[in-house]
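The values are calculated or read from the model by the stated rules, or taken from the named source; none is laboratory data. Model, not experiment: these values are computed from the prediction. All Cβ positions, glycine included, derive from the backbone under ideal geometry; neighbour counts span all protein chains shown. Each accessible area value is taken on the protein alone, full model and side chains, heavy atoms only, with ligands, DNA and RNA left out. Shrake-Rupley method; radii C 1.70, N 1.55, O 1.52, S 1.80 Å.
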Amino acid sequence: MRAALLLGAVLGCAGCLSFDTDGKVFACDPASGADCDGGNGTSLGGDNGSTGTTNTTSVNGSGGNSDTGTSTIAGTTTTNGNTSATSATTSANTSGSTGTYDDAQPTDVAIGDVDRDGKMDLVLRFNEYPGGDQESVIEVRFGDGNGGFTSQTFVPVAALNAGAPKGLVVTSLRPGGDTSIVVGSQDGVVWRIPFWTDGGNDTPQATANTHTWDPGLGLTTLRAADLDGDGNTDLVLATVDSSGYVVTLMGHGDGTFTASTPVEAGGEASGFVVGDFNGDHHVDVAYVWGYGGGIGWGAGDGGFFSWSTFDFDGSGGNGELGQYATMAVADLNHDGIDDVLFSPEPTLTIESPYIYFGTSASAPPSKLEFMQPAWPLLNTLHGDTSDLVSLAMADLNGDNVPDMVAVVQNTYSGSYNLWTYLLEPDAGLLSASMPDADDLRAPMLMAVGNLNANVVPDVAMVNGILAQPVIVLDP
């Protein structure tokens, strides 16, 4: 059942790069060096540990197909436009221990081709291994190309279990190379899990530790991109102590990285994305925190030649955007330059979302240019009692125009619904619809990718409360 509303074109203003951080359906092949996570900008993620030993097990249920859109894996039933998340009944063996999902919930999600078979896979992070032994796990569910999954693998990473997720990325370290899953931990360590084309994996490797640069420096989140154009994947870290800092890890294509000196960039990032926001073909970073935002303009060598920062309300508190803003990247107005779409913390009573339209102008943008209200009719559609709690960008109807998918909270009833918004080539809002999606709650971290190999991308969501991800095919 779909509720649809034709809105008409409003606000006629506002090829994603392969390293876009949200809505990675435009280029989601890790073999190309693309960053294939679909988590939103608020997707936040050790010490030595973890054996790295995994077993691949068959999955309960039959594979799905594009006609019926139905498949079952570990207790989750997925249908076209409708997902019923239920508790798992399937046990999985990892390093000799056995557990179920009854007492563990996924806290982060990404979509990418982990085993490089041309089919998208689902990657989940659990802060506690199923069975309650306090060992964190990265789970990979290998896709069958029809929206179902053929098998699953569990990789223990013991040091991840403390605190909130700090970033989850599926990428390749060099063109044509094998896939790696990169995940951040609460204590500032960036872990890399190398995977092979047969679905097996090597021992998780500690790639970097923010405490190396400053004992008080913590990790907020991470993104992947080729910052210097050498074809190798680099990592960009948002970090924090008394202020916010950006650190780049320059990849050598072999699993090793060289770290830059942390650069102060404002407050602790509540939203953090990468893209080319001035059309110079160098990777930039855009970020927001509670009371400000900014852009680091990439120099093409892994550094940044300048920073533009904006004070939204002049306060030192949570400010206009709050602590849980969500961001996405796409070329919304088709000028060849990436744009940023972001929405503030849903508890704040300000109009959302906002758009920053990237421009080749040499002058730095003003606050008003960085924070242009987008689609005022969303307030009319949803009412004053509704807020966007997460969003992503993807081409939802195959017209090569980026569209928006979002979880919307009704603050009066407490309900959460998935909405899709089709956009026009000039970034006007054309229509909105509400696909069926059960068991949505806040906060919802979102990944977008093509799990069933048709022209319409699919959505996977987790929130650390539900026992299973919510998957919506062809929303």
Consider just the alpha-carbon atoms of the range 361-475 and return their Rg together with their Dmax, both in angstrom.
-> 15.4, 49
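Any chance you could list the semi-axes, whole Å, largest first, of the equivalent ellipsoid that the Cα gyration tensor gives for the range 400-466, using √(5λ)? The partial results should precede the final answer.
Values: eigenvalues 101, 55, 17 Å².
Calculated on Cα positions only, the semi-axes equal 23, 17, 9 Å.
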Area of T380 that stays accessible when all protein chains are in place (1.4 Å probe, Å², to 10) = 110 Å²
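For F357, what is the net charge nearby, where nearby means another residue's Cβ is under 9 Å from its Cβ and Lys, Arg count +1, Asp, Glu -1?
Numbers: positive: none; negative: D335, D339, E369.
Net local charge, F357 excluded: -3.
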Based on the mean of other Cβ atoms within 10 Å per residue, sort peptides 371-378, 225-232, 409-416 so the most packed one is first.
-> 225-232, 371-378, 409-416
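Let me make sure I get this right: for the range 156-297, a, b and c are the square roots of the gyration tensor eigenvalues over alpha carbons, sorted descending. Under 1.5 in a/c it's rounded, otherwise prolate if a/b > b/c, else oblate. Which is it?
On the way: a/c = 1.95, a/b = 1.22, b/c = 1.59.
Taking the square roots of the gyration eigenvalues as a ≥ b ≥ c, the range 156-297 is oblate.
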Quick one: Debye curve from the alpha-carbon atoms of the range 246-318 only, equal weights, vacuum; give me log10 I(q)/I(0) at q = 0.20, 0.22 Å⁻¹ to two decimals.
-> -0.87, -0.99
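What does the highest-first list of 259-265, 142-148, 445-451, 461-467 look like by mean Cβ count within 10 Å? List each step's numbers first, then the result.
Values: 259-265: 17.0, 142-148: 23.9, 445-451: 28.6, 461-467: 21.7.
Averaged packing, sorted descending, gives the order 445-451, 142-148, 461-467, 259-265.
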What order do you get for 422-435, 386-399 when each peptide is scored by the mean count of other beta carbon atoms within 10 Å, highest first?
-> 386-399, 422-435
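Skip the ligands, DNA and RNA, and give the accessible area per residue of the range 350-475 with a 1.4 Å probe, whole Å². Don't skip to the end; give the middle numbers.
Working: 4280 Å² over 126 residues.
Dividing the accessible area of the range 350-475 by its residue count gives 34 Å².
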Under the rule rounded for a/c under 1.5, else prolate if a/b exceeds b/c, else oblate, using alpha carbon gyration tensor axes a ≥ b ≥ c, the range 187-247 is classed as oblate
